[in-house]
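**Student:** Shown below is the structure under consideration.
The values are calculated or read from the model by the stated rules, or taken from the named source; none is laboratory data. These figures come from a predicted structure and were not determined experimentally. When we count neighbours, we look across all protein chains shown, and the Cβ atoms used for this are built from the backbone with ideal geometry, even at glycine. Protein only, heavy atoms only, side chains kept; ligands, DNA and RNA dropped before computing areas. Shrake-Rupley method; radii C 1.70, N 1.55, O 1.52, S 1.80 Å.
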Amino acid sequence: MIKFSLRCDHDHVFDSWFQSSAAFDSLKSSNMLSCPVCGSDMIKKNVMTPQVRGSTAPEREEKTPDLAKPLSRTEMAVQQLRQIVDKKFENVGRKFAAEARAMHNGEVKKRSIIGETNLREAVALIEDGIPVAPLPWSNESRRSN
């Protein structure tokens, strides 16, 4: 077993154990790694120094962040936002742009939705006066479509 220090693209740092370096690489290439704080799947290894203990050196208690608790006020706010979105928004998956446009045009009932779209479609929605906003986490594991 090997322990890696990892970092997501939002600079959340966390540790995780892997069977081997190859196991880490396999999970990463399969997009099966995600940040426990924000859910991002953009994970990379931190530069690490080996932890070697001499026979006479006193043991130090390793300080690892408690990943069950947010590390900052911003992370707490993101966590609260995610809970609200999970409870009150309908996940329309890849139909997001079409559904947002249909609501804006009065073709379907307005409601809170979450989903996926590409940059071109998002820009087109904004240019047409349809309010959209990116969320600071990945919904890869929660995709409905």
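**Student:** Holding the Cα-Cα limit at 25 Å, pick out from 88/110; 45/88; 3/28 the pairs that are longer than that.
**Tutor:** Violating the 25 Å limit, Cα to Cα: 45/88.
**Student:** Using a 1.4 Å probe, what is the accessible area per residue for region 1-52, in Å²?
**Tutor:** 64 Å²
**Student:** Here's something else I'd like to know. Rounded to the nearest 10 Å², what accessible area does residue 90 show when all protein chains are kept and the probe is 1.4 Å?
**Tutor:** Counting only protein heavy atoms, the figure is 80 Å².
**Student:** Next up: Could you compute the FRET efficiency for residue 10 and residue 126, with r as their C-beta to C-beta distance and R0 at 25 Å, rounded to 0.05?
**Tutor:** With a Förster radius of 25 Å, E is 0.60.
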